[in-house]
Amino acid sequence: MKALRPPERLVILADLRVGMKGAEDERVRMDPDQNMGALYPFSLNQKLAVITENSPWYSGGENPWGRPIVPLEMVSVLAEYSNRKAAFPVKGPAVGLFADQEIRMIDGPLFVGEDYVIRREIAALSESKRTESYWVRSRIYDRTGTKQVAEMLLNHATLKHSYAGYAEAAKA
């Protein structure tokens, strides 16, 4: 993040500020047959049926914790399940992509069927020739919201040319 090009003139992300927090604590969980929303219209069980490197740790209790864990590649699915509740003021419609991601277990793993609290914060803003990006740090806490168990840093890159009137707004 130290090497990020600082933004000169944001349009789509003009109302975001580094340090801005999500609007509310978000309560989430991942049950085996739960559809994980519009971004991920499948369940954990559906994913496990096609995952390349499946493990009994994901669906049974045959692991050091005695209960199923969320596969690392599904942590982002859990973390993004309620992202709209953060209500970050991003202008649109515009095409957005997940451009970079870092997941860190602090006191993990995360467990299937366990309740968690997510708190979000804008960690960085940047710009390239074609994108405006905002980096969101999502801290995942236990169900009480007191003990952090994991963290995800996700770069949301928004394509400038996909936002109607971008060039005119940038000049204004």
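What to note about this one:
- Distances between placed amide hydrogens fall under 5 Å for residue 112 paired with 69, 70, all partners being 5 or more residues away or on another chain.
- Where GluC sites (Glu not before Pro) in DSSP loops with at most 12 other Cβ within 10 Å are excluded, longest remaining stretch of the chain: 63-172
- A simple rule links phi to the HN-Hα coupling: the Karplus curve 6.51 cos²θ - 1.76 cosθ + 1.60 with θ = phi - 60°, which for the stretch 135-146 gives 9, 10, 9, 9, 9, 9, 10, 5, 4, 7, x, 10 Hz, with x for Gly and Pro.
- Taking the empirical scaling 2.2 N^0.38 Å for compact globular proteins as reference, the chain has a Cα radius of gyration ratio of 1.14.
- One way to sum up the overall shape of the stretch 5-51 is the equivalent ellipsoid from its Cα gyration tensor, whose semi-axes run 35, 15, 9 Å, largest first.
- Close amide-amide hydrogen proximity is noted between residue 100 and 155, each under 5 Å apart and 5 or more residues distant or on a separate chain (H modeled in the peptide plane; Pro and chain starts excluded).
- Spin-label pair residue 95-residue 31: with each label point 7 Å from Cα along the Cα-Cβ axis, the two points sit 3.7 nm from one another.
- Phi-based couplings in Hz for the stretch 66-80 (Karplus 6.51, -1.76, 1.60; Gly and Pro marked x): x, 7, x, 10, 6, x, 3, 5, 9, 4, 5, 5, 4, 5, 9
- Of the beta bridges in the chain, as assigned by DSSP with both residues counted there, near 100 percent are antiparallel.
- Computed E for residue 104/residue 142 - FRET, C-beta separation, R0 22 angstrom, nearest 0.05: 0.90
- The trypsin sites (Lys or Arg not before Pro) found in the stretch 86-172 that occupy coil by DSSP, while having at most 14 further C-beta atoms within 10 Å, are 129, 130, 143, 147.
- Estimated 222 nm signal from helices in the chain, with DSSP H stretches of n ≥ 4 weighted -39500 (n - 2.57), rounded to 500: -3500 deg cm²/dmol
- Kirkwood Rh in Å, taken over the stretch 79-172 so that all alpha-carbon pairs contribute: 14.7 Å
- Estimated at 0.36 nm per residue, the fully extended path between residue 65 and residue 23 surpasses their Cα-Cα distance by 11.8 nm.
Throughout, read-outs are computed from the coordinates displayed, never taken from laboratory work. Predicted model, so just to flag it, every value in this text is computed and none were measured. Neighbour counts run over all protein chains shown; Cβ positions are idealised from the backbone, glycine included.
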